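The values are calculated or read from the model by the stated rules, or taken from the named source; none is laboratory data. Predicted, not measured: the structure shown is a model, and the values here were computed from it. Positions of Cβ are generated from backbone atoms using ideal geometry, with glycine treated the same way; all protein chains shown enter the neighbour counts.
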Amino acid sequence: MASMRTYGEACAAAHALDLVGERWALLVVRELLLGSKRFTDLRSGLPGASPNVLSQRLRELERVGIVRRGKLPPPAASKVYELTEWGMELEPAITALGRWGARSPYLPFEAGMGADSLILSFRTMFDPRAAEGFDASLDIHLGEDRFRATVSDGNLDISRGSAADHDATIATDPDTMVAIVYGGRLLEEAVRAGDVEITGDENEATRFLTLFPLPEQAPPANT
């Protein structure tokens, strides 16, 4: 802690900001919530962070026990970064920030999202009421990233990987998915344009994409 900037308060909230308040720190945590990643994967998910800044944040987060280094088993044997159990406890805080930020009238959806941040937004915005009576398992392909999603009894379970048995597969890119789920683009138009490919039960896929309504927008500032 000696080399990190600090608010110098015993307040736990201030201390939490000492630990994760530096630029990019919480986004590094966000990128690791769905599993371990190599440095190159983190760079891909955080293209705005320079390699030096990203390395510094990883060192700081590792030093305070939020991130640790691991190694993939052979034949990969690559060094990876992962969250500690304590680091994983930050997910509710990131989810709450995401839901609060989604109410902003100035949210720049046109800036796009990475695959992991989009999937985490599904966890954040999932509406159990919209999922009433809906049970399905889907594979979601976002470029080279694969995720499996299961909706059952008003709950959503979504994680990295592919499901052995699934009702439908949705294949697209993150920007197109953002435009459909949050930007009002019609799924049918995106399919006709070749930007989305659905295999399996199209009705299940279509219903799934309606389960993530945005919260009511906060009023804009007076101008």
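Out of curiosity, is S36 farther than 30 Å from A218 by Cβ, surrounded by fewer than 13 Cβ atoms within 10 Å (Cβ to Cβ) and under 21 Å from the mean Cα position of the chain (by Cα)?
Answer is no for this residue.
Show me the helices (runs of 4 or more DSSP H) entirely contained within the stretch 1-73 in which 1 or more residues are in contact with a Lys or Arg (Cβ under 7 Å, 6 or more places away or on another chain) and closer than 27 Å to G112 by Cβ.
By residue number, 25-32, 51-63.
To keep it simple, each residue is scored yes or no on (1) over 21 Å from R43 (Cα atoms); (2) of a type in the set (S, T, Y); (3) buried (at least 18 other Cβ atoms within 10 Å of the Cβ).
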site	(1), (2), (3)
R68	no, no, no
V80	no, no, yes
Y106	yes, yes, no
F109	no, no, no
G114	no, no, yes
S121	no, yes, yes
D127	yes, no, no
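Criterion first (surrounded by 15 or more Cβ atoms within 10 Å (Cβ to Cβ) and either touching a helix residue (DSSP H, G or I) at 6+ places or on another chain (Cβ under 7 Å) or within 23 Å of G112 (Cα to Cα) (or both)) does H166 satisfy it?
When the stated conditions are applied, H166 does not pass them.
State whether one or more residues within the stretch 163-176 are in contact with a strand residue (DSSP E or B) (Cβ under 6 Å, 6 or more places away or on another chain), at pLDDT 95 or above and of a type in the set (G, A, S).
Yes, some residue in the stretch 163-176 is in contact with a strand residue (DSSP E or B) (Cβ under 6 Å, 6 or more places away or on another chain), at pLDDT 95 or above and of a type in the set (G, A, S).
Mind checking which pairs have a first residue in the stretch 152-179 that is farther than 13 Å from F122 by Cβ and a second that is surrounded by fewer than 18 Cβ atoms within 10 Å (Cβ to Cβ) and among the polar types (S, T, N, Q), Cβ under 8 Å, 6 or more apart or different chains?
Cβ pairs passing all conditions: A163/T150; A168/T199; T169/T199; A171/T199.
Return the total of residues in the stretch 172-194 being farther than 17 Å from S117 by Cβ and surrounded by fewer than 17 Cβ atoms within 10 Å (Cβ to Cβ).
So the count comes out to 7.
Quick check on A221: is it outside the structural domain of A115 (by TED's automatic domain parsing), free of Cβ contacts under 8 Å to residues at least 60 places away in the same chain, out of contact with any strand residue (DSSP E or B) (no Cβ under 6 Å at 6 or more places or on another chain) and not β-branched (V, I, T)?
In short, yes.
Going residue by residue through the stretch 88-108, is there one that turns out to be among the β-branched types (V, I, T) and over 23 Å from F126 (Cα atoms)?
no
Being loosely packed, with under 14 Cβ neighbours inside 10 Å, at pLDDT 95 or above and among the aliphatic types (A, V, I, L, M) is true for just one of A131, A93. Which residue is that?
Checking each option against the conditions leaves just A93.
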